[in-house]
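Student: Before I ask anything, let me first share the structure, which is written out below as structure tokens.
The values are calculated or read from the model by the stated rules, or taken from the named source; none is laboratory data. Because the structure is a prediction, the values reported are computed rather than measured. Cβ placement follows ideal geometry from the backbone for every residue including glycine, while neighbour counts extend to all protein chains displayed. Areas reflect the complete protein model, heavy atoms only, side chains present, ligands, DNA and RNA absent. Shrake-Rupley method; radii C 1.70, N 1.55, O 1.52, S 1.80 Å.
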Amino acid sequence: MSDSGATAALPDPAAVSLAIADLDRLISTLRDDGRVVIGPTTRDSVMTLDEIAGAGQLPRGWLDEQSPGKYRATPSETATAFAHGPPSMSWKRFLHEERTLVISTSRTNGAMVIDPAPAAPEKPLAFFGIQACDLAAIGVLDVALADDAAYRRRRDDLLVVAASCTDSVATCFCVSAGTGPRPGPLADIVLTELADGSLIADARTERGAAVLTRAGLDTAATEADCRSAAALVDAAAARQTRHLDTEAIARAAAAPDDVGWDAVAERCLTCGNCTMVCPTCFCTSISDQTRLDDGCAERWQIWASCFSLDFAYVHGGSVRTSPTSRYRQWYLHKLVTWHDQFDSSGCVGCGRCITWCPTGIDITEAITS
Amino acid sequence: MSREPRRPSVAIWKFASCDGCQLTLLDCEDELLRVAELIDIAYFLEGSSATSDGPFDLSIVEGSISTAEDIERIQTVREKSAAVVTIGACATAGGIQALRNFGDVEELMRIVYATPDFLSVLDTVTPITDHIDVDFELRGCPIDKRQLLEVIGSYLAGRRPQIATDSVCIECKMAGQPCVLVAEGTPCLGPVTHGGCGALCPRFGRGCYGCFGPMDSARPEVLAPLLTTMGMPEDEQYRVFHTFNAWSEPFRDQPRPVPVTLSERSTS
Ligand code: SF4
Ligand code: SF4
Ligand code: SF4
């Protein structure tokens, strides 16, 4: 997360310039390499993520507003495809699926045989247009899911075309989280879009450079374009008003029992939306199921939320029955104990938990007021 | 030499209900033959002519308790069954007929029936658990077919059913559906409603109606002010919490804004 932030250097002098039409060449090259390209796209007036086959599926012209508990996206006359806040869903679901088959068992000649989950031949992925906060979240998952075979398999094959943010929505706080708006070190290529929709592409790895070359994208970007691109990203950073209250977090770490958790938990529905949309929440539970058709059994790993009563179910009942105890668990894990466990913050500042919380609970102010 | 193991006997009972949940079993077209091979359907008036006297390994009960005879009959069912599973909003929460619990049953009978004297019903409609011990409650109006198969399969395998008790929102987000409440301002009961339907309504752009009743730690009192800010009047809020699962806590306790008696309503 080091080379991010508002005052990073201009794009590399080797950066190339892309017209809007060149995006299709870039996407086709990735697809010709056998990759499934995932990118932002609009569905039911919401920017979400899905497989894209061409640049026509990007949310060009769409602008979004995000505030606590509220999201609105509207088509506009703008030429840009990447000047939006974080898409509604996070990219984690493509690396860490909501349901994963772990093992299955079958009966062969009367004996139980355990079959490891078939490592289905999958096409490698390319993330196209992932923003700095979400890219940093992959860095966080890399640590948390280091031993998860399915995650590792997809992650190792992943190619990343990141997009610098040229706008911030009201819920963004990547600057304060130290993750953006410039994409950090995990990108193979970084795109920065200018107001007219043209872009600057900056290869960060050998294979990123090779993709640009194969796509025939080699027009050197002008210094003027590089400067305007940098200015746009700086302006996006300057627009952010939210920030993590490091003092409040330190106080919560030192004396968690003294925090007025009740005041925030009073508004919590324990619905779990925050954890589901968070790009770093990785928890799962294990579900053993038997199949009716052939009597075989399957073990599934399924997304879980610390806001669910069953999440903390131990022998005899749940140890976190009150909404207060569940909010406290989420907050302290994200912002405090994650550091002890994984050596980083569990929050990358994407603001999704603020936007998509039905009652608009705001992690940046939850315990300051 | 192996002997064919005895197939577990299963009975399906109906109390005050619409039959829709039992129908879910018949809807399991692809799986039904397999289910019929694995179990001995010993009593199932809707699906077969079998009327065994029991005992049964598993009784699946649909419907709520509405009459004095129901009380006796459900006790017999319990005595004859090793395990009892209730299915659907009627059996688990009283169902839509439990709306009468909020009014005066005598008054209701006079309004609805030409000859109320022929009726003999209890003052309140209640879920099965109010009368007997129940081993598992499967929620929904109607229940979900996949969940029913999971419950039957779990009893056949002698394990606990894997049925989540948290919110519809969890299923909504697992399905990758953007939230209709946040993105469109559509009132949605998902945050307080028990999952199981796979977020069917939100996936079609509609708010959740709460068919599966309150989730394990539902907080309708936190959702209600939000519904107000979305422009839903208080009497409508009362109505959305008082549908198929009106009698289950904490939906039951959602305050009625302006008390309107039935006679006032019917004369207006
Ligand atoms: S805690 Fe909230 S702001 Fe932080 S990464 Fe998760 S969803 Fe984004
Ligand atoms: S903080 Fe918001 S999104 Fe998270 S569980 Fe509570 S109400 Fe739901
Ligand atoms: S649409 Fe309804 S069920 Fe889905 S997340 Fe929003 S409130 Fe929850």
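Student: Largest first, how would B:L26, A:L141 line up by accessible area (1.4 Å probe)?
Tutor: B:L26, A:L141
Student: Now for a different question. Counting alpha carbon pairs within less than 8 Å and at least 6 residues apart, what relative contact order, in whole percent, applies to chain A?
Tutor: 23 percent
Student: How much area per residue is accessible in chain A when the probe is 1.4 Å and only protein heavy atoms are counted (Å²)?
Tutor: For chain A, the solvent-accessible area averages 41 Å² per residue.
Student: With +1 on the Cβ of every Lys and Arg and -1 on the Cβ of every Asp and Glu, and nothing else charged, how large is the dipole of the stretch B:168-253 about its Cα centre, in debye rounded to the nearest 20?
Tutor: Result for the stretch B:168-253 is approximately 300 debye, rounded to the nearest 20.
Student: For a quick check: with amide H placed at 1.01 Å from N, whose amide H comes under 5 Å from A:A126's, ignoring anything fewer than 5 positions away on the same chain?
Tutor: Amide H neighbours of A:A126: A:V36, A:V37, A:I38, A:L159.
Student: Here is a follow-up. Give the carbon-plus-sulfur fraction of the accessible surface of the protein assembly as shown in %, rounded to a whole number; probe 1.4 Å, heavy atoms of protein chains only.
Tutor: Here carbon and sulfur together make up 53 percent of the probe-accessible area.
Student: Turning to a different aspect of this structure: Report, by chain and number, residues whose modeled amide H sits under 5 Å from the one on B:A50, excluding near sequence neighbours (fewer than 5 apart, same chain).
Tutor: Amide H to amide H, under 5 Å and 5 or more residues apart or across chains, B:A50 pairs with B:F44.
Student: Which longest run of chain B has no exposed loop site in it, a site being chymotrypsin sites (Phe, Trp or Tyr not before Pro) in a DSSP loop with at most 11 other beta carbons within 10 Å, and the site itself not part of the run?
Tutor: Counting at most 11 other Cβ atoms within 10 Å as exposed, the longest clean stretch of chain B is B:1-112.
Student: To continue, here is another question. Could you tell me the largest-minus-smallest coordinate of the C-alpha atoms of the stretch A:239-289 on each of the three principal axes, in descending order and whole angstroms?
Tutor: The principal-axis extents, from largest down, are 46, 34, 22 Å.
Student: Among the listed pairs A:K334/B:K173; A:K70/B:K145; A:K92/B:K173; B:K80/B:K145; B:K14/B:K173, which are separated by more than 23 Å between their Cα atoms?
Tutor: A:K70/B:K145; B:K80/B:K145; B:K14/B:K173
Student: Compute the accessible area per residue over chain B, keeping the other protein chains in place, probe 1.4 Å, unit Å².
Tutor: Accessible area per residue: 48 Å².
Student: A plus B alone minus the pair: what accessible area, both sides summed, probe 1.4 Å, in Å² to 100?
Tutor: When A and B are taken together, about 3000 Å² of accessible area is lost.
Student: What does the C-alpha gyration tensor say about the overall shape of chain B? Classify as rounded when a/c is under 1.5, otherwise prolate if a/b is larger than b/c, or oblate.
Tutor: Note, shape of chain B comes out oblate.
Student: Charges only on Cβ, +1 for Lys and Arg, -1 for Asp and Glu: so what's the dipole of chain B about the Cα centre, in debye to the nearest 20?
Tutor: 620 debye
Student: Please express the shape of the protein assembly as shown as an equivalent ellipsoid: the semi-axes are the square roots of 5 times the eigenvalues of the C-alpha gyration tensor, given largest first in whole angstrom.
Tutor: 51, 30, 22
Student: Do any residues of the stretch A:241-274 lose at least 50 Å² of accessible area when the full set of protein chains is present rather than just their chain alone, and if so which, with a 1.4 Å probe?
Tutor: In the stretch A:241-274, residues shielded by partner chains: A:L269, A:C271, A:N273.
Student: Translational D (Stokes-Einstein, µm²/s) of the stretch B:9-157 at 4 °C and 1.567 mPa s when Rh comes from the Kirkwood sum over C-alpha pairs?
Tutor: Translational diffusion coefficient: 82 µm²/s.
Student: Express the relative contact order of the stretch B:9-157 as a whole percentage, based on alpha carbon pairs under 8 Å and six or more residues apart in sequence.
Tutor: Here the relative contact order equals 28 percent.
Student: Any chance you could look up the accessible area of B:K145 with a 1.4 Å probe, heavy atoms only, rounded to 10 Å²?
Tutor: Counting only protein heavy atoms, the figure is 70 Å².
Student: Same structure, new question: Are there residues in the stretch B:169-193 whose accessible area shrinks by at least 40 Å² when all protein chains are included rather than the chain by itself, and which are they (probe 1.4 Å, ligands and nucleic acids not counted)?
Tutor: B:I170, B:K173, B:M174, B:G176, B:P178, B:V182, B:A183, B:P191
Student: Roughly speaking, what is the centre-to-centre gap between the stretch B:126-183 and the stretch B:42-95 when only Cα atoms are used, to the nearest Å?
Tutor: Centre-to-centre (Cα) distance: 19 Å.
Student: Restricting to DSSP H runs of at least four residues, report the calculated mean residue ellipticity at 222 nm for chain B, -39500 (n - 2.57) per run over all residues, nearest 500 deg cm²/dmol.
Tutor: Result for chain B: -10000 deg cm²/dmol, rounded to the nearest 500.
Student: Next question. Counting only C-alpha contacts under 8 Å and six or more residues apart, can you give the relative contact order of the stretch B:168-253 as a whole percent?
Tutor: 27 percent
Student: Once the piece of chain linking B:T124 and B:R34 is laid out straight, how much longer is it, given 0.36 nm per residue of separation minus the C-alpha distance between them?
Tutor: Length difference between fully extended and current span is 28.5 nm.
Student: Let a ≥ b ≥ c be the square roots of the eigenvalues of the Cα gyration tensor of chain A; is it rounded (a/c under 1.5), or, if not, prolate (a/b larger than b/c) or oblate?
Tutor: oblate
Student: Here's something else I'd like to know. With each run of n ≥ 4 DSSP H residues scored as -39500 (n - 2.57), what mean residue ellipticity at 222 nm is computed for chain A after dividing by its residue count and rounding to the nearest 500 deg cm²/dmol?
Tutor: -7500 deg cm²/dmol
Student: Pick from A:P279, A:P124, A:P87 the residue whose mean-square fluctuation is largest in a GNM of chain A, springs joining Cα atoms under 10 Å.
Tutor: Highest fluctuation among the options: A:P124.
Student: Which residues of the stretch A:61-94 show a drop of at least 10 Å² in accessible area when all protein chains are present, compared with their chain alone (probe radius 1.4 Å, heavy atoms only, ligands and nucleic acids excluded)?
Tutor: Correct list: A:G69, A:Y71, A:R72, A:S88, A:M89, A:R93.
Student: Rounded to the nearest 5, what is the percent of antiparallel bridges among the DSSP beta bridges in the protein assembly as shown?
Tutor: 65 percent
Student: Within the stretch B:1-89, report the trypsin sites (Lys or Arg not before Pro) that DSSP leaves as loop and that have at most 11 other Cβ atoms within 10 Å.
Tutor: Of the trypsin sites (Lys or Arg not before Pro), the ones in loops of the stretch B:1-89 whose Cβ has at most 11 other Cβ atoms within 10 Å are B:R3, B:R6.
Student: With a cut-off of 15 Å, note down the residues of the stretch A:154-177 whose backbone N falls inside the zone around a label point 7 Å from the Cα of A:R239 toward its beta carbon.
Tutor: Correct set: A:164-175.
Student: Would you mind checking which residues have amide H under 5 Å from A:S344's amide H? H placed 1.01 Å from N; only 5 or more apart, or other chain.
Tutor: A:H339
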